[in-house]
Amino acid sequence: MASEEDEEVYTEDETNEAMSLIQEFELPMSDLHYALKYVRILHHGGDTQNTHKGLEVPKTPVAEIEPPEFDGDNEEILDRFGIRDL
């Protein structure tokens with residue numbers, strides 16, 4: 001079992017929002033921990049220490065490419081994905 005020092009501390013607002021999710025979606029109380037984590041991620045982007053400033057921009061740009069053209073002649077693909085009638 002985790003020690004008290006390792007446990008996350010949630011604010012009253014986070015707890016209230018998590019409880020609202022539990023009630024709204026009729027979740028069991030055993031999912032409260034997951035609801036609290038969801039609320040934390042929703043508001044802080046997954047960083048529990050609030051030190052993350054956002055996504056890092058890639059250092060080198062990535063070349064954009066276009067997908068290959070689809071000519072519609074491949075019957076197997078049309079059947080497999082059910083897009084024949086589109």
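Please give the FRET efficiency for residue 7 paired with residue 64, using the beta carbon to beta carbon distance and R0 = 41 Å, rounded to the nearest 0.05.
Calculated value: 0.35.
In nm, give the distance between the simple-model label positions of residue 15 and residue 42, each being 7 Å from the Cα along the Cα-to-Cβ direction.
The answer from the label model is 1.8 nm.
Gain in length, residue 34 to residue 75, computed as 0.36 nm per residue apart minus the alpha-carbon separation, to one decimal in nm?
In short, 10.3 nm is gained.
Laboratory data are not the source of any read-out in this text; all were calculated from the coordinates shown. Source: prediction; values computed, not measured. Every residue, glycine among them, receives a Cβ derived from its backbone with ideal geometry; neighbour counts consider all protein chains shown.
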